[in-house]
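Below you'll find the structure, written out as C-alpha cells, and then a few comments.
The values are calculated or read from the model by the stated rules, or taken from the named source; none is laboratory data. Note that the coordinates shown come from a computational prediction; the quantities given were computed from them, not determined experimentally. Don't worry about glycine lacking a Cβ; one is built from the backbone with ideal geometry, like all the others, and counts go over all protein chains shown.
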Ligand SMILES: Nc1ncnc2c1ncn2[C@@H]1O[C@H](COP(=O)(O)OP(=O)(O)O)[C@@H](O)[C@H]1O
Ligand SMILES: [Mg+2]
C-alpha cells in the first residue's frame with residue numbers, strides 16, 4: 001500500500017483545467033519532486049491534496065485512509081505538513097510564537113509548546129531570530145520559519161512549495177542539506193515543488209512533471225532530464241545538453 | 001493549577017506596566033473612601049463595567065481580529081435572565097446570573113455556528129443583524145415586558161442574596177471584583193493555546209489551517225467566551241439599574257460602544273479595553289448630560305466617537321496602547 005496515493009485528481013477552475021486526471025503515488029520515506037512550468041498546476045495539486053481545494057473528481061488516499069475533501073486542519077492532524085509558495089509576511093507574532101502555534105497542534109500546555117519550538121529552532125540553527133517578526137526577516141529566514149512551524153506539527157509527510165525560490169546558492173545548499181537531514185533523521189517523507197532544476201535533481205529520488213494541468217512524465221531524475229516531452233515542455237534543449 | 005499561575009503572573013510585562021497596575025489597583029480599592037460624589041461613583045462603576053465588556057470583546061474582536069458588533073444581545077440575555085428569574089420566581093442573583101451565562105453560551109454557539117461561515121464585512125454586518133433581531137423580539141414580547149421593560153422589586157436593606165443595595169459603594173466593589181476576575185482570566189487567556197491560535201488566525205488564516213487549527217471552531221469558542229463575559233456584565237446591570245428594557249441592554253449603540261472602547265484603547269492587548277473605557281466612559285457621560293438637553297443633537301455623540309476612532313486608527317491601528325508602545329520604543 002502506498003503512503004500517499006493520488007488517484008485521478010481533476011480540478012477545473014471554470015473552464016481552466018488546472019489538474020487533469022492526475023494519478024501517482026509516493027512511498028514512505030521517499031523524496032519526490034514535482035516540477036513544471038509556471039501555471040502548470042503544481043500548487044493547485046498541493047491544495048487538492050491537503051484540502052484547500054476540493055477536487056472535482058478523484059481521490060486522495062493517505063496511509064490507507066481516504067482524505068479527499070477533508071479540511072486543511074484535518075489533513076494536517078492526519079500528518080501532512082505544508083509550506084506556502086507565497087508566505088504572508090505578518091507582523092503580529094514572533095518567530096518563536098509562530099513555531100509554538102505549530103507545536104500546539106500536538107500539545108496543550110504552553111511550556112511544552114515553547115520547549116518544542118525552541119528545540120526545533122535550535123535544530124534548524126535559527127534560535128537567534130526567535131524574537132523577530134516575519135516582516136523583519138529576509139526571505140530565506142521567513143522560509144525557514146515556515147518550514148519550522150510546519151515541522152512543529154509533527155508531520156510524517158511534508159509538502160514544500162518552492163521553498164528555495166529567491167534564495168542564493170549557498171542558502172539553497174543549506175536547505176537541500178536540511179531536507180536530507182529531516183528525511184533521513186526524522187523519517188519524514190518529502191514531496192517538493194521546485195522550479196530550480198538543479199535542486200530538484202539533486203535532492204529528489206523521483207520526479208513528477210506537470211504541464212498545462214497534465215502529468216507528462218514521471219521517473220528518476222536522470223531519466224526525466226532526457227525525456228522528450230519534458231524537454232519540449234519545460235527544460236529546453238540547453239539544459240539537457242549541458243548535463 | 002498552571003492556569004491560575006498564568007492568570008496571576010504579569011512578569012512578562014515591563015516594570016512600568018506592573019507598577020502602574022499596582023497603583024491603579026490601589027486607587028480602585030480606596031476610591032470609595034475618597035468621598036467622591038454620586039456622579040463620579042456612577043462613572044467609575046460604568047468604567048469598570050465597560051472594561052469588563054471590552055475585555056470579553058477582546059477575545060474574538062482583538063485577539064481573533066473579527067469585527068464583532070453584536071455583543072449587546074448577550075448583555076441583554078444576561079440582564080433579562082437575572083431580572084425575569086427574580087421577578088417571576090424570586091430566584092437569587094447567584095443562581096440566575098450563572099444561568100444567564102449558560103443561556104448566553106448556548107445561544108452564542110447556535111448563532112456562532114452559521115455566523116462564522118462568513119468573513120470580513122459580511123461577518124460584521126451579520127453580527128449587527130443577529131443583535132437587532134433579538135432586540136426586536138424583546139421589544140414586542142409582552143411576556144417579558146416588551147418595550148416597557150421590567151422593574152426589579154426594590155429591597156430596602158443590603159441584600160447579598162439578590163445583590164441589591166441602596167448604596168453605590170456595594171455595587172462599586174462588586175463590579176470591581178468582577179473586573180479583576182475578568183482581568184485575571186484575560187491574563188490567562190492571552191497565554192493559552194486558544195489565545196495563540198486566535199492570533200495566528202488573525203495574522204494568516206491559510207497558515208493557521210495548515211498548522212492544524214480548526215479556524216471556525218476557534219472563532220466560535222472565542223465568540224462564546226466573549227458572550228459569557230458580557231452576560232455577566234448584563235446580570236450586573238439588572239441588579240444595579242433595577243430596571244431594564246431592550247433599549248438599555250440590547251441596543252446597537254451598546255454593541256458599538258463595547259467594540260469601540262476596546263479598539264480605541266488597543267485591541268489584542270490586555271490593557272486596551274481598560275484604557276478605552278477610561279477615555280470613553282467619562283466622555284460618554286459628559287456628552288450624554290451635555291447633549292441630553294438638546295433634542296436635535298441626539299447622535300452627535302456617535303459622530304464624535306466615529307471621528308475619534310478614525311483619527312486613532314489612521315495614526316495607529318493598535319489604538320491608544322499602540323501609540324504608548326510606539327512612544328516607548330522611540331524613547332528607549
Ligand atoms: N483559486 C484559483 N482560481 C482560479 N484559477 C486558479 C486558482 N488557482 C490557480 N489557478 C490557475 O490554475 C493554473 C495553475 O496554477 P498553479 O497551480 O498555481 O500553478 P503552478 O503552481 O504550477 O505555477 C493557473 O493558470 C492559475 O491561474
Ligand atoms: Mg505554484
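Among the residues of the range B:202-245, write down those that are touching a strand residue (DSSP E or B) at 6+ places or on another chain (Cβ under 8 Å) and within 7 Å of chain A (Cβ to nearest Cβ). Break it down stepwise before answering.
Keep residues of the range B:202-245 that are touching a strand residue (DSSP E or B) at 6+ places or on another chain (Cβ under 8 Å), which gives B:210, B:237-239, B:242-245.
Listed by number, the list holds a single entry, B:210.
Quickly run through the range B:1-51 and pick out the residues that are farther than 19 Å from residue B:175 by Cβ and not in a helix (DSSP H, G or I).
Passing the criteria: B:1, B:9, B:10, B:11, B:12, B:13, B:14, B:35.
Considering only residues of the range A:97-108 that are assigned to a loop (DSSP other than H, G, I, E, B) and at the interface with chain B (Cβ under 7 Å from one of its Cβ atoms), which is farthest from residue B:192 (Cα to Cα)? Write out each step before concluding.
Looking only at the range A:97-108, we keep the residues that are assigned to a loop (DSSP other than H, G, I, E, B), and these are A:104-108.
Next, only the ones that are at the interface with chain B (Cβ under 7 Å from one of its Cβ atoms) stay: A:104-105, A:108.
Details: A:104: 10, A:105: 13, A:108: 8 Å.
Applying the filter and picking the extreme gives A:105.
Filter the range A:34-53 down to the residues that are part of a loop (DSSP other than H, G, I, E, B) and either more than 14 Å from chain B (Cβ to nearest Cβ) or touching a residue at least 60 places away in the same chain (Cβ under 8 Å) (or both) and list them by number. Please lay out each step first, then the result.
First, pick out the residues of the range A:34-53 that are part of a loop (DSSP other than H, G, I, E, B): A:36-41, A:51-53.
Correct list: A:36, A:37, A:38, A:39, A:40, A:41.
Test residue A:29 against the stated conditions and say whether it is more than 14 Å from every other protein chain (Cβ to nearest Cβ), away from ligand 2 (no atom under 16 Å from the Cβ), surrounded by 14 or more Cβ atoms within 10 Å (Cβ to Cβ) and not in a strand (DSSP E or B). Spell out how you get there, then give the answer.
On the way: more than 14 Å from every other protein chain (Cβ to nearest Cβ): yes; away from ligand 2 (no atom under 16 Å from the Cβ): yes; surrounded by 14 or more Cβ atoms within 10 Å (Cβ to Cβ): yes; not in a strand (DSSP E or B): yes.
Judged against the criteria, residue A:29 is a match.
With (1) within 16 Å of ligand 1 (Cβ to nearest atom); (2) under 15 Å from residue A:208 (Cα atoms) as the list, and residue A:72 as the residue in question, which single condition is left unmet?
Unmet for residue A:72, out of (1) within 16 Å of ligand 1 (Cβ to nearest atom); (2) under 15 Å from residue A:208 (Cα atoms): (2).
Are there any pairs with C-beta distances below 6 angstrom linking a residue in the range A:148-164 that is over 11 Å from residue A:186 (Cα atoms) and assigned by TED's automatic domain parsing to the domain that holds residue A:127 to a residue that is part of a loop (DSSP other than H, G, I, E, B) and within 13 Å of ligand 2 (Cβ to nearest atom), with the two at least 6 apart or on different chains, and if so which?
Within 6 Å, the pairs are A:150/A:83.
Residue check: is residue A:146 farther than 27 Å from residue A:8 by Cβ, within 16 Å of ligand 2 (Cβ to nearest atom) and either modelled with pLDDT of 95 or more or touching a strand residue (DSSP E or B) at 6+ places or on another chain (Cβ under 8 Å) (or both)?
The answer is yes for residue A:146.
Looking only at the range B:164-181, how many residues end up being crowded, with 19+ Cβ neighbours inside 10 Å and free of Cβ contacts under 8 Å to residues at least 12 places away in the same chain?
Result for the range B:164-181: 1.
Have a look at B:165, B:184 and point out the one that is at pLDDT 95 or above, closer than 30 Å to residue B:92 by Cα and either within 14 Å of chain A (Cβ to nearest Cβ) or touching a helix residue (DSSP H, G or I) at 6+ places or on another chain (Cβ under 8 Å) (or both).
Values: B:165 fails: at pLDDT 95 or above.
It is B:184.
Does residue A:45 satisfy the condition of being within 16 Å of ligand 1 (Cβ to nearest atom) and surrounded by fewer than 17 Cβ atoms within 10 Å (Cβ to Cβ)? Steps first, please.
Details: within 16 Å of ligand 1 (Cβ to nearest atom): yes; surrounded by fewer than 17 Cβ atoms within 10 Å (Cβ to Cβ): no.
When the stated conditions are applied, residue A:45 does not pass them.
Quick check on the range B:100-111. Is at least one of its residues more than 20 Å from the chain's Cα centre (by Cα) and assigned to a loop (DSSP other than H, G, I, E, B)?
Within the range B:100-111, the subset more than 20 Å from the chain's Cα centre (by Cα) is B:110.
With assigned to a loop (DSSP other than H, G, I, E, B) added as a condition, the list becomes none.
Within the range B:100-111, none of the residues are more than 20 Å from the chain's Cα centre (by Cα) and assigned to a loop (DSSP other than H, G, I, E, B).
Tell me whether the range A:229-236 contains one or more residues that are at positive phi, more than 19 Å from the chain's Cα centre (by Cα) and outside any loop (DSSP other than H, G, I, E, B). Lay out the reasoning, then the answer.
Narrowing the range A:229-236 to residues at positive phi: A:236.
This time we only want the ones that are more than 19 Å from the chain's Cα centre (by Cα), so: A:236.
Those still in the list that are outside any loop (DSSP other than H, G, I, E, B) too: A:236.
For the range A:229-236, residues at positive phi, more than 19 Å from the chain's Cα centre (by Cα) and outside any loop (DSSP other than H, G, I, E, B): present.
Of these, A:102, A:79, A:92, which one is within 30 Å of residue A:6 (Cβ to Cβ), surrounded by fewer than 24 Cβ atoms within 10 Å (Cβ to Cβ) and touching a residue at least 24 places away in the same chain (Cβ under 8 Å)?
Of the residues listed, the single one that is within 30 Å of residue A:6 (Cβ to Cβ), surrounded by fewer than 24 Cβ atoms within 10 Å (Cβ to Cβ) and touching a residue at least 24 places away in the same chain (Cβ under 8 Å) is A:79.
Do you know which residues across the range A:70-90 are over 23 Å from residue A:48 (Cβ atoms) and more than 8 Å from every other protein chain (Cβ to nearest Cβ)? Give the derivation first.
Residues of the range A:70-90 over 23 Å from residue A:48 (Cβ atoms): A:89-90.
Hit for the range A:70-90 is A:89, nothing else.
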